[in-house]
Amino acid sequence: MKKSFVPELENKFKHPVHHFQIQVSNIQKSAMFYGELLGRLGFAKVFETEGMVEWQMEGTRIIVAQCPKRFLAEGYHRKRVGLNHIAFRAPNRAAVDELYRNYLLPKKILTLYGGPKEWEGYDPGYYAVYFEDPDRIKLELVYVPDDL
């Protein structure tokens, strides 16, 4: 049994991640991309202003914001210090396949590692598809039996 280092916080929140923000090079292109993707995953747009859009599902918010010009030159690479990728949970394997067939392929969104498959060496039954957003940030939709 895992012991919590902070017992007073244990199981306090159903959704432990409040929000995360993704800086993007082109807010219009990324807002369209994330709007379609997150809508398919059950998120709803809750806020929009110049240079920023926010979606929410239950207790988690995802914010996409225009990167300031002075930081655009270097671009993003997942092997640098910082975020490597974001994995979203799928309710079943069929949802992973559906996203691949009915969204990623028709939209010609770059899919990594040959499309959806079961990944050996991960949790038993780990079934995922990996793909990239317009700035090449790696995203994943994953189903793991009995995950939660």
Of the residues in the stretch 81-114, those that are farther than 13 Å from LEU41 by Cβ and in a loop (DSSP other than H, G, I, E, B) number 11
Filter the stretch 115-148 for residues that are among the acidic types (Asp, Glu) and outside any loop (DSSP other than H, G, I, E, B); the one that is surrounded by the fewest Cβ atoms within 10 Å (Cβ to Cβ) is GLU118
Would the stretch 81-95 turn up any residue that is more than 26 Å from HIS18 (Cα to Cα) and in the same structural domain as LEU139 (by TED's automatic domain parsing)?
yes
Residue pairs qualifying under the 8 Å Cβ cut-off, at least six apart or on distinct chains, with the first in the stretch 30-51 being at positive phi and the second being surrounded by 13 or more Cβ atoms within 10 Å (Cβ to Cβ), are GLY42/MET57; GLY51/ILE27; GLY51/ALA65; GLY51/GLN66
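Quick one: which of LYS69, LYS45 is surrounded by fewer than 15 Cβ atoms within 10 Å (Cβ to Cβ) and more than 16 Å from the chain's Cα centre (by Cα)?
Criteria check complete, one pass: LYS69.
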Among (1) closer than 19 Å to GLY42 by Cα; (2) touching a Cys at 6+ places or on another chain (Cβ under 9 Å), ASP135 falls short only on (1)
Taking the stretch 110-147 and keeping only residues that are among the β-branched types (Val, Ile, Thr) and in contact (Cβ under 8 Å) with a residue 60 or more places away in the chain, one is left with ILE137
All conditions in (1) touching a residue at least 12 places away in the same chain (Cβ under 8 Å); (2) within 25 Å of GLN28 (Cα to Cα) are true of ARG89 except (2)
Is one or more of the residues making up the stretch 57-80 outside any loop (DSSP other than H, G, I, E, B), assigned by TED's automatic domain parsing to the domain that holds GLY35, within 18 Å of ALA31 (Cα to Cα) and touching a Leu at 6+ places or on another chain (Cβ under 8 Å)? yes
How many residues of the stretch 75-100 are touching a strand residue (DSSP E or B) at 6+ places or on another chain (Cβ under 9 Å) and surrounded by fewer than 15 Cβ atoms within 10 Å (Cβ to Cβ)? The answer is 10
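The values are calculated or read from the model by the stated rules, or taken from the named source; none is laboratory data. Quick caveat: nothing in here was measured; it's all calculated off a predicted structure. Positions of Cβ are generated from backbone atoms using ideal geometry, with glycine treated the same way; all protein chains shown enter the neighbour counts.
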